[in-house]
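K.L.:
Take this structure, written in C-alpha cells, and hold onto it; I'll ask about it next.
Derivation of every value follows stated rules applied to the coordinates shown; laboratory data play no part. Everything numeric in this text was worked out from a predicted model, so none of it was measured. As a convention, Cβ positions derive from the backbone with ideal geometry for all residues, glycine included, and neighbour counts pool all protein chains shown.
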Amino acid sequence: MTRTRSLTLSALAAVALVALAVGFTPIESASRDKIFAIPKGTWARRMSGDKVEILPDHIRLTLGIRDILVLHNQDTVPQIFGPTLMMPGQSFRLPFERAAEYTFACTAHASGQMTIVVEPNPTTPWARIRWRLVELLSTFR
C-alpha cells in the first residue's frame, strides 16, 4: 500500500469516527431560550425612514433544545409581537410544543411579520449530524 493511500484511509477513518461521535452524542443546551432584543431607538429609526432589520425574518427553533422564543423590548416605545403588546423594558417568552411553521405580526420588522420555524428534536444520528451542521453554518451568516 502506498503512503498516500494509507494517509487517505486514515483520514477517512478519522472522519467516520467524528461522524459517529457527532451522530450518537445527544444534543444538549444550557438553556432552551433563544433570546432576541429589540434595541433602543428601533421605532425612531423606522419613523425616520431607515428600513434596518434588527431581528431575523425567520427564526429557527428546535423542540427540546431551543424551543422558547424570548423577546426583550429595549426600545422606548411599545412593540407588538403577535397578539402581545410589549411595553418598553418588558420581555415576552413564547414556548413551543409542536414542530410547525408560525407567522406572527411584528412591529420590529419593516415587513411587519416574523416567521418562526420549529423543527422536531433530532433523534436519529443523521438528524443530529444535520442539526449540528446547520447550527455551525448559521454562525457564519
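K.L.:
Provide the packing ranking of 59-69, 36-46, i.e. peptides ordered by the mean count of other C-beta atoms within 10 Å per residue, highest first.
P.N.:
Working: 59-69: 18.4, 36-46: 16.5.
Most protected by this proxy first, the peptides run 59-69, 36-46.
K.L.:
Once you wrap a convex hull around the alpha carbon atoms of segment 28-117, what is its projected area averaged over all directions, in nm²? Don't jump to the answer; show the numbers that get you there.
P.N.:
Working: hull surface 22.4 nm².
Average projection, Cα convex hull of segment 28-117: 5.6 nm².
K.L.:
State to the nearest 20 debye the size of the charge dipole of segment 78-141 about its Cα centre, where the only charges are +1 on K and R beta carbons and -1 on D and E beta carbons.
P.N.:
On the way: 6 positive and 4 negative charges, 39 e Å.
So the magnitude is around 180 debye.
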